[in-house]
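A.B. asks: Structure in structure tokens, see below.
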Amino acid sequence: MSDLKQQVKEMIIQRLKLEDMTPDQIDDEAPLFGEGLGLDSIDALELALGVEQVYGVKIDNEGSGMKAFKNVSSLAAFIAENQAAS
Amino acid sequence: MKQILEQIPHRFPFLLVDRILERQVGVRVRAEKLITMGDPFLQGHFPGMPILPGVLMLEMLAQAAAFLEAEPLADRPVFLAQVADARFKASAVPGDRLELEVLPDASFGALQRVRGTIRCEGRVLCTARLVLAKGPAPEALP
């Protein structure tokens, strides 16, 4: 799981072009949107695409998507759960 | 023309779609815009050298993209949320018949990303990726 979290952080940095950040600077539990990392809804679209392309997990419902996008831990858990299910 | 006015809220002098050539909801839209000396924005851009402003090419693609949606958006504004990889390869001048093509690329929540291309007589004038945000439904407005 901690490997997956690390991968998720790297994906966030790469897909959202947060080039001045390193994975270590992203806290597992810090909010991705608003306060915390400060992502916006356009980043959410990009992140949903990234998760689908990299992990084959589709996030099509905005409700469940935003729950998964709460922080790195929840996103990694969502990916693990839905990969296992498929 | 009636179909256009029912689908989007834009009006003169900012209605930048003249005709819908092909409309497959959620798949592809092709539309047309004819550029003429009568277009108000050409008066000042530029005096004696009328050239369609590049930002209006992006606006044309955004307006055309509204026809990818099944529901009429005439009383529900659609906003531009992002413009990415916009390239202007050649200019458009009076007399040009522009063909606008818009293909959906991705969507999440109220956001829709599209790829747009503007051609004139087979030449590509402009390509861009746009993210559009659907505004709130009219009943949700105060």
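A.B. asks: If the Cβ limit is 8 Å and pairs must be 6+ apart or interchain, which residue in segment B:103-131 that is closer than 16 Å to residue B:30 by Cα and more than 14 Å from every other protein chain (Cβ to nearest Cβ) pairs with which residue that is open to solvent by 50 Å² or more (accessible area, probe 1.4 Å) and among the aliphatic types (A, V, I, L, M)?
C.D. replies: Final answer for the pair search is B:103/B:27; B:117/B:124; B:118/B:124; B:128/B:83.
A.B. asks: Same structure, new question: Checking the structure you have, find out if any residue of segment A:19-32 is at pLDDT 90 or above, closer than 22 Å to residue B:104 by Cα and surrounded by fewer than 17 Cβ atoms within 10 Å (Cβ to Cβ). Outline the logic, then answer.
C.D. replies: Start the filter on segment A:19-32 by keeping residues that are at pLDDT 90 or above, which leaves A:20-32.
Checking which are closer than 22 Å to residue B:104 by Cα leaves us with none.
No, that holds for no residue.
A.B. asks: Return the residues of segment A:33-49 that are in contact (Cβ under 8 Å) with a residue 12 or more places away in the chain and more than 14 Å from chain B (Cβ to nearest Cβ); say none if nothing qualifies.
C.D. replies: Matches in segment A:33-49: A:36, A:37.
A.B. asks: Against the conditions (1) open to solvent by less than 50 Å² (accessible area, probe 1.4 Å); (2) in contact with a strand residue (DSSP E or B) (Cβ under 9 Å, 6 or more places away or on another chain); (3) among the aliphatic types (A, V, I, L, M), where does residue B:34 fall short? Just the number, please.
C.D. replies: (1)
A.B. asks: Among residues belonging to segment A:50-65 that are touching a residue at least 24 places away in the same chain (Cβ under 8 Å) and of a type in the set (A, V, I, L, M), point out the one that is nearest to the other protein chains (Cβ to nearest Cβ).
C.D. replies: A:51
A.B. asks: Restricting the search to segment B:22-54, which residues are over 26 Å from residue B:114 (Cα atoms) and among the acidic types (Asp, Glu)? Before the answer, list the steps.
C.D. replies: Within segment B:22-54, the first condition is being over 26 Å from residue B:114 (Cα atoms), and the residues that meet it are B:36-40, B:42-50.
If the condition is that a residue be over 26 Å from residue B:114 (Cα atoms) and among the acidic types (Asp, Glu), then B:39 is the only one that fits.
A.B. asks: Is it the case that some residue within segment A:79-86 is part of a loop (DSSP other than H, G, I, E, B), of a type in the set (Ser, Thr, Tyr) and modelled with pLDDT under 90?
C.D. replies: Yes, there is a match, as at least one residue in segment A:79-86 is part of a loop (DSSP other than H, G, I, E, B), of a type in the set (Ser, Thr, Tyr) and modelled with pLDDT under 90.
A.B. asks: Looking at this structure, is residue A:43 part of a loop (DSSP other than H, G, I, E, B) and either within 11 Å of the chain's Cα centre (by Cα) or modelled with pLDDT of 95 or more (or both)? Can you show your working first?
C.D. replies: On the way: part of a loop (DSSP other than H, G, I, E, B): no; either within 11 Å of the chain's Cα centre (by Cα) or modelled with pLDDT of 95 or more (or both): yes.
It is false that residue A:43 is part of a loop (DSSP other than H, G, I, E, B) and either within 11 Å of the chain's Cα centre (by Cα) or modelled with pLDDT of 95 or more (or both).
A.B. asks: State yes or no: is residue B:129 open to solvent by 50 Å² or more (accessible area, probe 1.4 Å), at pLDDT 95 or above and under 28 Å from residue B:43 (Cα atoms)? Please lay out each step first, then the result.
C.D. replies: Numbers: open to solvent by 50 Å² or more (accessible area, probe 1.4 Å): yes; at pLDDT 95 or above: yes; under 28 Å from residue B:43 (Cα atoms): no.
When the stated conditions are applied, residue B:129 does not pass them.
A.B. asks: Mind checking which residues of segment B:5-31 are surrounded by 16 or more Cβ atoms within 10 Å (Cβ to Cβ) and in contact (Cβ under 8 Å) with a residue 60 or more places away in the chain?
C.D. replies: If the condition is that a residue be surrounded by 16 or more Cβ atoms within 10 Å (Cβ to Cβ) and in contact (Cβ under 8 Å) with a residue 60 or more places away in the chain, then B:7, B:8, B:9, B:17, B:29, B:30, B:31 are the ones that fit.
A.B. asks: Continuing with this model, one more query. Those residues that are in a strand (DSSP E or B), away from every other protein chain (no Cβ under 14 Å) and buried (at least 16 other Cβ atoms within 10 Å of the Cβ), I need them from segment B:73-89; list them, please.
C.D. replies: We begin by selecting, within segment B:73-89, every residue in a strand (DSSP E or B); these are B:78-88.
With away from every other protein chain (no Cβ under 14 Å) added as a condition, the list becomes B:78, B:86-88.
Within segment B:73-89, B:78, B:86, B:88 qualify.
The values are calculated or read from the model by the stated rules, or taken from the named source; none is laboratory data. None of the values given here were measured: they were computed from a predicted structure. Note: ideal-geometry Cβ built from the backbone for every residue, glycine included; neighbour counts use all protein chains shown. All accessible areas refer to the heavy atoms of the entire protein, side chains included, with ligands and DNA or RNA removed. Shrake-Rupley method; radii C 1.70, N 1.55, O 1.52, S 1.80 Å.
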